[in-house]
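The values are calculated or read from the model by the stated rules, or taken from the named source; none is laboratory data. All values derive from a computational prediction rather than experimental measurement. Cβ: placed from backbone, ideal geometry, glycine included. Neighbour counts: every protein chain shown.
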């Protein structure tokens, strides 16, 4: 039992990978050659239009945020790049998508909170309210 709890407490290390379209989420991760293995993907900042892709052996490359749909980080978390910002994909059930984004608290710029965001599909616009995201659905349509 002690071994089982030790295994559960260890973080999962998944393969970092770029997603060029939303359908790439469902594709298995291609094992890259050791020299092409991505070790980190990070944003240069909210207003920057580039992501920094870090590879093994200290090599790095800049990639435009609008040239990729998103990426998968080392913990298996899916991130979507939309309008120069990075959103965490929280839940996707086929009817709508829940995202989260780290926003500053208005009174203190150092304090941050996770704001929920929504979209109709993986490729549609991200909105701050669920009703805005679902505005294009016909009136009698039932979501599950």
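Here are some notes:
- Checking each residue of the stretch 88-95 against the condition of being under 24 Å from residue 131 (Cα atoms), out of contact with any helix residue (DSSP H, G or I) (no Cβ under 7 Å at 6 or more places or on another chain) and buried (at least 18 other Cβ atoms within 10 Å of the Cβ) gives at least one match.
- Checking residue 85 against (1) over 18 Å from residue 24 (Cα atoms); (2) at pLDDT 90 or above; (3) under 12 Å from the mean Cα position of the chain (by Cα), the condition it does not meet: (2)
Matching residues to (1) more than 30 Å from residue 85 (Cβ to Cβ); (2) in a helix (DSSP H, G or I); (3) modelled with pLDDT of 75 or more; (4) in contact with a helix residue (DSSP H, G or I) (Cβ under 8 Å, 6 or more places away or on another chain):
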| residue | (1), (2), (3), (4) |
| --- | --- |
| 5 | yes, yes, no, no |
| 12 | no, no, no, no |
| 15 | no, no, yes, no |
| 24 | no, yes, yes, no |
| 30 | no, no, no, no |
| 39 | no, no, yes, yes |
| 45 | no, no, yes, no |
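- Residues that are over 9 Å from the mean Cα position of the chain (by Cα), surrounded by 14 or more Cβ atoms within 10 Å (Cβ to Cβ), modelled with pLDDT of 90 or more and more than 15 Å from residue 126 (Cβ to Cβ), drawn from the stretch 56-82: 63, 68
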